[in-house]
1. Give me the percent of Cα-Cα pairs in the stretch 3-115 that sit more than 16 Å apart, rounded to a whole number.
2. Place a point 7 Å from Cα of Glu77 in the direction of its Cβ. Which residues in the stretch 41-71 have their backbone N less than 13 Å from it?
3. Put +1 on the Cβ of every Lys and Arg and -1 on every Asp and Glu Cβ in the chain; which of Gly68, Tyr18, Thr98 then has its Cα farthest towards the positive end of the dipole?
4. When ranked by the protection proxy of mean other Cβ atoms within 10 Å per residue, highest first, what sequence do the peptides 7-17, 66-76 form?
5. Which far-off residues, 5 or more places away or on another chain, put their amide H under 5 Å from the one on Leu97, with H placed in the peptide plane?
6. Rounding to the nearest 20 debye, state how big the charge dipole of the stretch 3-115 is about its Cα centre with +1 on each Lys and Arg Cβ and -1 on each Asp and Glu Cβ.
Amino acid sequence: MEESATKIETIDDYISRYDEDIQAILQELRRLIREEAPDATEKISYQMPTFYLNGNLVHFAVQKNHIGFYPAPSGVEAFKEELEDYKTSKGAIQFPLTKLIPYELVRRIVRFRVEEAKQKKQQNKK
């Protein structure tokens with residue numbers, strides 16, 4: 001069976017498919033997301049590692065030349081000045097594999113998204 005045709009069940013499954021250098025990046029992303037969003041649930045959504053907290057919080061995925069980080073449009077917009085060195089779209093950020101991942105920026109984006117998720121939960125209670 002071709003690798004891309006194999007269904008990914010867990011984030012561990014996803015990470016294990018890559019070379020050690022990429023695995024290290026993915027594990028660090030996962031670690032810091034867990035640290036900033038300890039109440040988030042891990043799952044695979046759209047065949048990508050996903051953290052869920054009152055809705056999709058963030059996703060990440062390996063692409064050919066970059067790590068895609070998907071913090072929703074609000075997460076990209078809120079940090080657009082700091083993301084000027086990266087290719088972005090409405091809800092996605094591309095971190096080239098040729099550069100160091102800006103982990104502290106990712107941490108702050110996750111923190112921002114957690115606050116949004118908490119506000120969403122409060123609004124839904126009203």
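1. Details: 3533 of 6328 pairs.
Result for the distance tail: 56 percent.
2. none
3. The listed residue farthest towards the positive side: Gly68.
4. On the way: 7-17: 14.2, 66-76: 19.6.
Most protected by this proxy first, the peptides run 66-76, 7-17.
5. Under 5 Å from the amide H of Leu97: His66, Ile67.
6. Values: 15 positive and 19 negative charges, 58 e Å.
I would put it at about 280 debye.
FYI, it's all coordinate maths here, none of it is from the lab. Given the structure is predicted, the values throughout are model-derived calculations rather than measurements. Cβ coordinates were reconstructed from backbone atoms using ideal geometry, including for glycine residues, and neighbour counts include every protein chain displayed.
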